[in-house]
Amino acid sequence: EPRVFSGVQPTGNLHLGNYLGAISRFVPLQDQMPTIYCVVDLHAITVWQEPEVLTRTIREVTAAYLAAGIDPKKSIIFNQSQVKEHAELAWIFNCIARMGWLKRMTQFKDKAGKNQENASVGLFAYPNLMAADILAYRATHVPVGEDQKQHLELTRDIAQKFNNDYAERIKELGLGIPNPEPNPELPDELYLPLTEPMIAGSATRIMSLRDGTKKMSKSDPSDLSRINLTDDADAIAKKIKKAKTDPEPLPGEVKGLEERPEADNLVGIYAALADMTKQDVLNEYGGQQFSAFKPALSELAVTKLAPMNEEMKRLTQDPGTIDAVLKDGAERAAAIAEPVLHDMRRILGFVEAR
Ligand code: TYM
């Protein structure tokens, strides 16, 4: 059956890219299929996290989920460390995935930088934990931004190798589901689904406000490069005013945005916030200068983000409520993941001694 899983790292500075590329898209899915939204604290510690700060940011991401409209009655909201199956399945996947697959991951290369010898083993194995997050629930759909595409391809590769390596065993134990995409390279029964990435819309890759060729990111040292979900109206307006642009007016056609990364980015942000296409935006603003477009974008951003900002503030002042949501979510998540790991142990041939 279809099921959605996605996650966000509690590493501070949640920004407009996280909101438009991921969190805002989680909301409508709640009414279409079962949805599980995780605060991936185990992923966060692949790089150093100050413990008190981590505690705060886990609650902050949870608050952002709630403030964005994720309803804890419809969706499961929890933090990763509270459901032990994630770490257990990640270990199994450490033994399925190949070194060569992980060495190709561009995010590892970016994050480890020149000094790979000094990166944590966890940072290298990060995508295996991500595959475990998804497959511990046998999730079929994963809404994310463009930067996670390679990780989701790896998730499919892991599922495929597992299904192949254990094909006979899965059949013998009667645990398979018919392969929905029959393919001569795959067995006709699968235990782990082949996950669909959901990367769509005009905000799959929001760029830095200071440099249209760099992704908007939590770790950019310049705070002017991103709109944080905790920014108030004045900060949002100031950052949009200071956003880098070129001297030309906006084009009338989407094609005119090619080779104009900053213009393309601002039009994309407007489109995503207004739930329009980029062409719709250009139909309205084509031919106008940034001095006219920027105030309109600012007003739209403030209208959309300010209520969420207020609600996040209110929620983070009440950690009791947030922790209660996380507790209930962890219990519901564990109830799904535990039987999956039970099956996995049987498939692998472990003796269940207790
Ligand atoms: P993270 O925490 O870096 O980002 C959370 C989500 O925000 C998206 N995103 C963006 N989208 C558009 N433009 C941007 N500039 C931008 N920056 C970030 C990301 O694509 C992501 O969807 N590995 C994941 C977290 C994760 C996960 C998972 C996701 C762990 N396990 C299982 C899905 C399923 C990450 O680091 O996201």
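Here are the numbers for the structure shown:
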{"quantity": "Loop sites in the stretch 248-354: GluC sites (Glu not before Pro), DSSP, at most 16 other Cβ within 10 Å", "calculated": "Glu253, Glu258, Glu259, Glu352"}
{"quantity": "Relative contact order, percent, the chain [alpha-carbon distance under 8 Å, six or more residues apart]", "calculated": "22"}
{"quantity": "Calculated FRET value between Val121 and Glu196, using beta carbons and R₀ = 41 Å, to 0.05", "calculated": "0.85"}
{"quantity": "Sum of side-chain charges, Asp223 neighbourhood, beta-carbon under 15 Å (Lys, Arg +1; Asp, Glu -1)", "calculated": "+4"}
{"quantity": "Convex hull of Cα atoms in the stretch 223-315, direction-averaged projection (nm²)", "calculated": "5.8"}
{"quantity": "Helix-only mean residue ellipticity at 222 nm for the chain, each DSSP H run of n ≥ 4 adding -39500 (n - 2.57), per residue, nearest 500", "calculated": "-15500 deg cm²/dmol"}
{"quantity": "Computed P(r) (all Cα pairs; the stretch 200-354; 5 Å bins; percent)", "calculated": "2, 8, 14, 16, 14, 10, 8, 7, 7, 7, 5, 3, 1, 1, 0"}
{"quantity": "Kirkwood estimate for the stretch 169-234, i.e. one over the average of 1/r between Cα atoms, Å", "calculated": "16.2"}
{"quantity": "Tilt relative to the chain, helix 290-316 - C-alpha long axis, 0 to 90 degrees, to 10", "calculated": "50"}
{"quantity": "Computed over the stretch 31-111, Cα set: Rg, Dmax in Å", "calculated": "15.4, 42"}
{"quantity": "Average projection area in nm² (convex hull over Cα atoms of the chain, one quarter of hull surface)", "calculated": "19.6"}
{"quantity": "Rounded FRET efficiency, nearest 0.05, which uses the C-beta distance separating Val47 from Met99 and R0 of 25 Å", "calculated": "0.75"}
{"quantity": "Rounded to 5, percent antiparallel among DSSP beta bridges of the chain", "calculated": "25"}
{"quantity": "Length released on extending from Lys242 to Gln288, taking residue separation times 0.36 nm less the Cα-Cα span", "calculated": "14.8 nm"}
{"quantity": "Using distinct alpha-carbon pairs, which all enter the 1/r mean, Kirkwood radius of the stretch 263-347 in Å", "calculated": "16.8"}
{"quantity": "Hull volume in cubic angstrom per residue (convex hull over the Cα atoms of the stretch 90-245)", "calculated": "152"}
{"quantity": "Solvent-accessible area, 1.4 Å probe, carbon plus sulfur percent, for the chain", "calculated": "51"}
{"quantity": "Under 11 Å, Cβ to Cβ, from Gly256 - net charge with Lys/Arg +1 and Asp/Glu -1", "calculated": "-2"}
{"quantity": "Heavy-atom surface of the stretch 223-315, accessible at 1.4 Å and reported per residue (Å²)", "calculated": "49"}
{"quantity": "Contact order normalised by residue count of the stretch 194-315, Cα under 8 Å, 6+ apart, percent", "calculated": "29"}
{"quantity": "Sites matching trypsin sites (Lys or Arg not before Pro) across the stretch 8-79 that sit in DSSP coil, with at most 16 neighbouring C-beta atoms within 10 Å", "calculated": "Lys73, Lys74"}
{"quantity": "Cα-based Rg of the stretch 184-277 normalised by 2.2 N^0.38 Å, two decimals", "calculated": "1.46"}
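The values are calculated or read from the model by the stated rules, or taken from the named source; none is laboratory data. Quick caveat: nothing in here was measured; it's all calculated off a predicted structure. Reconstructed Cβ throughout: ideal geometry from the backbone, glycine too, with neighbour counts over all protein chains shown. SASA here: full protein model, heavy atoms, side chains in, ligands and nucleic acids out. Shrake-Rupley method; radii C 1.70, N 1.55, O 1.52, S 1.80 Å.
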